[in-house]
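The values are calculated or read from the model by the stated rules, or taken from the named source; none is laboratory data. Computed from a prediction, not measured in an experiment: that's the story for all the values here. Virtual Cβ from ideal backbone geometry, glycine too; neighbours counted across all protein chains shown.
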Amino acid sequence: MADGPEALLLWIEALRKRYGAVEALRGVSLDIAAGELFVLLGGSGSGKTTLLRTIAGFERPDAGRILLRGEDVTALPPHRRPVNMMFQSYALFPHLKVAENIAYGLRRMGLGRAERDAKVERLLDLVRLTGLGDRRPDTLSGGQRQRVALARALAREPALLLLDEPLSALDRSLREETREELAALQRRLGMAFVLVTHDQEEALTMASRIGVMRDGLLVQVGTPRELYEQPADRELATFIGGANVLAAEVQVAAPDAVLLVPGITKLVRAATEAPADGQIWLALRPERLRLGADGANVAEGVLEGISYRGDVVTRTVRLPDGSALRATTAASDGAEPRPGDALALSWSPDACILLRA
Amino acid sequence: MNRFLVLAPAWVWLAVFQLLPLLIVLAVSLGEPSEGIPPVAFRLSGASYATIADVFYLRALAQSLRVAGVASLACLLIGYPMALAIARASARRRPLLLTLVILPFWTGFLLRLTAWVGLLKDGGWLDTALGAVGLPPAHLLYTPAAVYLGITYCYLPFMVLPLYARLTRREIALEEAAADLGASPWRVFATVTLPLSIPGVIPGLLLVFIPAMGEYVIPELLGGPGVETIGRVLWSEFFDNRDWPTASALATVLTVALVLPAAAWQWRQGRR
């Protein structure tokens, strides 16, 4: 981020963590500024949860440092760190009422009873659970439990809130609604959130910045737009937004690359220079492809499948060399080709994303 | 119907070996002592219950309550850390540790108690050990302390096993959540681990307290004449005084007094 170092809330340097033969973190460095909603995105086993648990203090790194507001917290136990975590399972105390769950962290701060009660009331209002303070967690719905967990984690007003897959236990419609609520709450509180998820849509819609983890490394950090438009490698291009990826051979590297793609008769023109000579990958976003042959780049093939989603239609076109392109267009595009028909797709040079092989 | 068949042996067993003897005891308690075999005349008399409403029997009951109470608490204090340590041990070591807990059962109960007599008696191993470091002899045998020691020793596994069963059902996320919210390890234990283990504590206490209440052998062997528990009074009414109705009345009262709290706990658990 463009902020000066005084705005840096969390500073992580070269974290390493090994469990037996598995290296969960292989040198992760990361800065997080105050007020950010930073999303750690990755598949299972990518190290994202280990990184989150290391920030919380549940895991001690083998190497590296964690600084919170300039203070080295690497060796501090969880209860001495000014961060709080919302657990994937929510981890609500079953023997305590909702209000007692929320007040748990406040009691540990030594807050007086009146102050505590007032604060719990405010938090219950904040997460729209007014009046449910006397209930037991097991009498609440999944969505309500999720909000209790959130209120409990917010109660101590941490410098940084860690959220481990906070929406994964909710069903789909509730998840989308809660996603927006959570992002709005984060903006309103101005508190920095670090959220772990495996859901790329969740990451794109919520994050101010995303860090993508794979095999214990942060492979790319950037805004959702940066990740989408300039993915660092082929896997990221397909993981985020599901790009079409074709092997390509560089004919002209600069200033604008010209590529030879097996399966496409005409040379493909890009709007950027090639990252390398020889073999590279050409990534094309499905929604940047148009139906028809009038464009700077054209691929001709046979329509193989149509997947209708209501608002959009995705068509899969098989190219002569056997590779396939998926094109997503508005459902009302009027085109009526049927599977087996010849179909041409076209795109502009600036739709070409060129990636090192 | 199938369910009934499966459970039938259990019901038959309970009826023949639990309910029937209890009913016999109840019937005897309502009779009157007589010369003959058996030394009881069956009739509906409450005389034996009037007999046991006496300070002598009440004192024995109080003695038993104290012995069972102290022993249960001692078992809890010793057994809880043991159960916790076993539950937190690596999965590889747990079977070994559990085996060690029940290892004493491999040797006969009376044999082990006799060993305690040898340990505690004047001039026994304990006194020898104390003397070796320049301490005076303890004179423990035939004191209440020896009875507490013996009962705690014998019943400890009955405390450890239910506690262990509960403590292995540990939810690490809850303890982590407490630590995350500012609780020190000790606070985590006091506010999360301990309250969540209560469903193991109560059965453990009942499993020690109930048999300890009626315990006869341990007070008899280790307690000396000063520790006159209800079990010993029962024994002497039956075999020394041959007053079966009084002994049976005592047994009936004791059974009811012990079944009530256990039933109350069961009922509470069932409602959850």
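Pull up segment A:284-297, narrow it to residues that are modelled with pLDDT of 90 or more and in contact with a Lys or Arg (Cβ under 7 Å, 6 or more places away or on another chain), then point me to the one that is farthest from A:Thr265 (Cα to Cα).
That would be A:Pro286.
How about segment A:282-305: which of its residues are buried (at least 20 other Cβ atoms within 10 Å of the Cβ), in contact (Cβ under 8 Å) with a residue 60 or more places away in the chain and not in a loop (DSSP other than H, G, I, E, B)?
Correct list: A:Leu282, A:Ala283, A:Leu284.
Just to verify a result, which residue in segment B:216-272, among those that are outside any loop (DSSP other than H, G, I, E, B) and hydroxyl-bearing (Ser, Thr, Tyr), is farthest from the chain's Cα centre (by Cα)?
B:Thr246
Would you mention how many residues in segment A:78-93 are at the interface with another protein chain (Cβ under 7 Å from one of its Cβ atoms), part of a loop (DSSP other than H, G, I, E, B) and of a type outside the set (A, V, I, L, M)? Lay out the reasoning, then the answer.
Initially, segment A:78-93 is screened for residues at the interface with another protein chain (Cβ under 7 Å from one of its Cβ atoms), giving A:78-79, A:84-85, A:87, A:89, A:91, A:93.
When the remaining residues are screened for being part of a loop (DSSP other than H, G, I, E, B), the result is A:87, A:89, A:91, A:93.
From what's left, of a type outside the set (A, V, I, L, M): A:87, A:89, A:93.
Residues in segment A:78-93 being at the interface with another protein chain (Cβ under 7 Å from one of its Cβ atoms), part of a loop (DSSP other than H, G, I, E, B) and of a type outside the set (A, V, I, L, M): 3 in total.
Give me a count of the residues in segment B:28-38 that are touching a residue at least 40 places away in the same chain (Cβ under 8 Å) and among the small types (Gly, Ala, Ser).
Number of matching residues: 2.
When you go through A:Leu96, A:Leu123 one by one, which is the residue that is within 21 Å of B:Arg170 (Cβ to Cβ) and either more than 8 Å from chain B (Cβ to nearest Cβ) or at pLDDT below 95 (or both)?
From the options A:Leu96, A:Leu123, the qualifying one is A:Leu96.
Return a yes/no flag: does segment A:252-264 have any residue that is among the β-branched types (Val, Ile, Thr), outside any loop (DSSP other than H, G, I, E, B), touching a strand residue (DSSP E or B) at 6+ places or on another chain (Cβ under 6 Å) and under 20 Å from A:Ala324 (Cβ atoms).
Within segment A:252-264, none of the residues are among the β-branched types (Val, Ile, Thr), outside any loop (DSSP other than H, G, I, E, B), touching a strand residue (DSSP E or B) at 6+ places or on another chain (Cβ under 6 Å) and under 20 Å from A:Ala324 (Cβ atoms).
If I filter segment A:36-43 for residues that are surrounded by fewer than 19 Cβ atoms within 10 Å (Cβ to Cβ), part of a loop (DSSP other than H, G, I, E, B) and within 14 Å of another protein chain (Cβ to nearest Cβ), do I get at least one hit?
no
Any idea which of B:Ala60, B:Ala10, B:Ala53, B:Ala41 is aliphatic (A, V, I, L, M), surrounded by 13 or more Cβ atoms within 10 Å (Cβ to Cβ) and without any contact (Cβ under 8 Å) to a residue 60 or more places away in the chain?
Among B:Ala60, B:Ala10, B:Ala53, B:Ala41, only B:Ala41 is aliphatic (A, V, I, L, M), surrounded by 13 or more Cβ atoms within 10 Å (Cβ to Cβ) and without any contact (Cβ under 8 Å) to a residue 60 or more places away in the chain.
Based on this model, can you work out whether B:Asp180 counts as without any contact (Cβ under 8 Å) to a residue 12 or more places away in the chain and touching a Pro at 6+ places or on another chain (Cβ under 7 Å)?
yes
For a quick check of your reading of the model, give me the residue pairs whose first member lies in segment A:265-277 and is assigned by TED's automatic domain parsing to the domain that holds A:Ala253 and over 16 Å from A:Asp294 (Cβ atoms), whose second is exposed (fewer than 13 other Cβ atoms within 10 Å of the Cβ) and modelled with pLDDT under 85, with beta-carbon atoms closer than 6 Å and at least 6 apart or on different chains.
A:Glu273/A:Ala254
Out of (1) at pLDDT below 95; (2) closer than 16 Å to A:Ala103 by Cα, the odd one out for B:Thr168 is which?
(2)
Quick one: which residue in A:Val73, A:Val98 is aliphatic (A, V, I, L, M), under 20 Å from A:Leu9 (Cβ atoms) and touching a Lys or Arg at 6+ places or on another chain (Cβ under 8 Å)? Before you say what the answer is, go through the steps one by one.
On the way: A:Val98 fails: under 20 Å from A:Leu9 (Cβ atoms).
Result of the check over A:Val73, A:Val98: A:Val73.
Within segment B:155-177, count every residue that is touching a helix residue (DSSP H, G or I) at 6+ places or on another chain (Cβ under 9 Å), more than 30 Å from B:Leu110 (Cβ to Cβ) and either more than 7 Å from chain A (Cβ to nearest Cβ) or assigned to a loop (DSSP other than H, G, I, E, B) (or both).
7
So that you can scan it fast, the table gives a plain yes or no per residue for (1) assigned by TED's automatic domain parsing to the domain that holds A:Leu150; (2) under 30 Å from A:Arg128 (Cα atoms); (3) of a type in the set (Gly, Ala, Ser):
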{"site": "A:Leu41", "(1), (2), (3)": "yes, yes, no"}
{"site": "A:Thr54", "(1), (2), (3)": "yes, no, no"}
{"site": "A:Glu59", "(1), (2), (3)": "yes, no, no"}
{"site": "A:Gly70", "(1), (2), (3)": "yes, no, yes"}
{"site": "A:Pro78", "(1), (2), (3)": "yes, yes, no"}
{"site": "A:Asn101", "(1), (2), (3)": "yes, yes, no"}
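If you check A:Leu195, A:Leu161, which single one turns out to be within 14 Å of chain B (Cβ to nearest Cβ) and assigned to a strand (DSSP E or B)?
Answer to the selection: A:Leu161.
For B:Arg93, only one of the following conditions fails: (1) over 20 Å from B:Glu215 (Cβ atoms); (2) surrounded by 12 or more Cβ atoms within 10 Å (Cβ to Cβ). What is its number?
Every listed condition holds for B:Arg93 apart from (2).
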